[in-house]
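Inspection log for the structure reproduced underneath, given as structure tokens.
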Amino acid sequence: MKFVSTRGQTKPHLFSEAVKIGLAPDKGLFVPESMPDLSQEIPTWEGLSYPELCYEFFKHFATDIPADELKSLVEKAYSRFDHKEHAPLVKLSDKLYVQELFHGPTLAFKDFALQLLGCLYERQVAMSGESINVLGATSGDTGAAAISGLLGKKGVNIFILYPDGRVSPLQERQMTCLEEENVFPLCIKGSFDDAQAALKDVFGDKEFSQEVHLSAVNSINLARILAQCVYYIYAYLKLPADRRERATFVVPTGNFGNVLAGWMASRMGMIVDGFRVATNQNDILHRFFDAGDYSLGEVLPSHAPSMDIQVASNFERFLYFSLGGNAEMTREIMESFKKDGSFQVGGMAITEFMTSTRMDDEEIAKTISEVYREYGYTADPHTACGFKDLDKLETAVVLSTAHPAKFPDVVANCTGVEPTHPSLEALKSKEIRKFSVDPDEASIKAFIRSKQ
Ligand SMILES: *Cc1c(COP(=O)(O)O)cnc(C)c1O
């Protein structure tokens, strides 16, 4: 299996190469050259453990990794989850299920991708003998999940920039209360945008980038999307057989990475009724699926901060597939979007299978209360966005993307009970280990150099 770029101007790459590069050189995103047909195989995977299922799935893509190695890599990646089923399906009623994706080390669904990506990086370092330095900027969840994925990995240093005082205290603790020597949380005076801008400058210096083997953590890595396909198939196989084809996955969405993975699994032969994109008040995707209009708005902070996005970077993959793999057209649309901040697509055959909803903060709070009252179930603010207009669906599987204890204040206000989790409680007594740097290119480069 090889992987090509959505913009068509990059030669096909094997899995490990595409994972290592991240973004394709033509600025497109890597996608499988052709979608494998797994429709015959998927039913035979019923009863497999999560890592076993993951291995069976990745065998089709990571064809350049020997089977034994792939097997142990996957086992290692999912060894730090606190639930034996990894992604359990909880039944709230005959036609309503929640899939809990928050049993990984940082209690959010990003662990599924980043724990695996960390192991893939480690393998690459071991093979090439060259250590790498991973640099990213975060306003919250991604930083914690990336750090956790790379924690203690040999030959890998990870540097995460974040705005001092502007991430939640718990999120800061998840990044800074760690004892491994390869983790460097860098707090900066300034905003997330300042952090992003400084990061861009550092990556812009190609010489420096090569000197220290700089690598990015971002949401567009191919391995992240493929890792996320697995839990959809897992949920599908846990549903009663007569519900599977009638099920709609409802996915709290920001960057479109999560729901894209489910949709890709369906293109590989996991037959379901559809997908629902659930946004918060930052609703660029809702406006697209509702009215075909994809245009930038302003980002408004919300109760569901990990979905506060402006551009849904993974959307480009969806566009590419929806256009029948037409890279030229994808390139044109993305380039004009970059110029104008919007595009319209009339008549693209997408709307039935992929629908959307939007929820503002007031509704999020109301929904957390209602779900708690009606089902005795505690949803975090991201998950709550999925609980809208569910009576229109025959069977709904709402993906729960974060543990409620990550957002204790909002949730406690709505349910009257403060949600807790032992791993977060344990962090509260640990020492914070962070480094202050100025948000400029020279200071960040000097810091990274000093750790080589
Ligand atoms: C990142 C994140 C999302 C959004 O996922 P996308 O793949 O960007 O759509 C939703 N909920 C939580 C808790 C997240 O951390």
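The values are calculated or read from the model by the stated rules, or taken from the named source; none is laboratory data. Computed from a prediction, not measured in an experiment: that's the story for all the values here. We place every Cβ from the backbone using ideal geometry, glycine too, and count neighbours over all the protein chains shown. The area values use the complete protein model at the heavy-atom level, side chains included, leaving out ligands, DNA and RNA. Shrake-Rupley method; radii C 1.70, N 1.55, O 1.52, S 1.80 Å.
Structure values in brief
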{"quantity": "GluC sites (Glu not before Pro), loop per DSSP, at most 10 other Cβ atoms within 10 Å - longest free stretch of the chain", "calculated": "1-129"}
{"quantity": "222 nm mean residue ellipticity, helices alone, for the chain (DSSP H n ≥ 4; -39,500 (n - 2.57); rounded to 500)", "calculated": "-12000 deg cm²/dmol"}
{"quantity": "Average accessible surface area per residue within the range 356-443, 1.4 Å rolling probe, Å²", "calculated": "48 Å²"}
{"quantity": "Full-extension gain in nm, residue 154 to residue 91, via 0.36 nm per residue minus C-alpha separation", "calculated": "18.6 nm"}
{"quantity": "13 Å beta-carbon shell around residue 296, net charge (K/R +1, D/E -1)", "calculated": "-1"}
{"quantity": "DSSP bridge orientation in the chain - percent antiparallel, rounded to nearest 5", "calculated": "25 percent"}
{"quantity": "Charge-dipole axis of the chain as Lys and Arg at +1 and Asp and Glu at -1 on Cβ define it, positive-most pick from 314, 429, 74", "calculated": "74"}
{"quantity": "Distance violations [Cα-Cα > 18 Å] among 189/451; 84/430; 2/76; 153/445; 2/59; 189/434", "calculated": "189/451; 84/430; 2/76; 153/445"}
{"quantity": "Carbon + sulfur, % of accessible area of the range 35-132 - ligands and nucleic acids excluded, 1.4 Å", "calculated": "50 percent"}
{"quantity": "Counted charge near residue 237, where neighbours are those whose Cβ lies closer than 13 Å (Asp, Glu -1; Lys, Arg +1)", "calculated": "-3"}
{"quantity": "Straight-distance crosslink candidates among lysines, where the alpha carbon sits under 26 Å from residue 392 and sequence neighbours closer than 8 are dropped", "calculated": "91, 95, 238, 366"}
{"quantity": "Euclidean distance between Cα centres, the range 264-305 to the range 75-114, Å", "calculated": "22 Å"}
{"quantity": "Span-rule helices in the chain, defined as complete DSSP H runs reaching 20 Å or more along the axis (Cα) with Kyte mean at least -0.5", "calculated": "110-128, 222-238"}
{"quantity": "Rg/Rh for the range 277-426, where both radii come from Cα atoms and Rh is the Kirkwood radius", "calculated": "1.04"}
{"quantity": "Cut-off of 10 Å, at most 10 other beta carbons, DSSP loop: longest stretch of the chain lacking such trypsin sites (Lys or Arg not before Pro)", "calculated": "155-427"}
{"quantity": "Amide hydrogen neighbours beyond the local backbone of residue 293, cut-off 5 Å, H modeled", "calculated": "288"}
{"quantity": "Contour excess over end-to-end distance, with Cα ends at residue 200 and residue 179 and 0.36 nm allotted per residue", "calculated": "4.7 nm"}
{"quantity": "Loop-resident sites, the range 343-452, for chymotrypsin sites (Phe, Trp or Tyr not before Pro), counting at most 15 other Cβ within 10 Å (DSSP)", "calculated": "353"}
{"quantity": "Along principal axes, Cα extents of the chain, largest first, whole Å", "calculated": "58, 52, 48"}
{"quantity": "Mean-position separation - Cα centroids, the range 155-204 and the range 396-452, in angstrom", "calculated": "11 Å"}
{"quantity": "For the range 378-385, 3J(HN,Hα) per residue [Karplus equation, 6.51 cos²θ - 1.76 cosθ + 1.60, θ = phi - 60°, Hz, x = Gly/Pro]", "calculated": "9, 9, 7, x, 5, 4, 4, 4"}
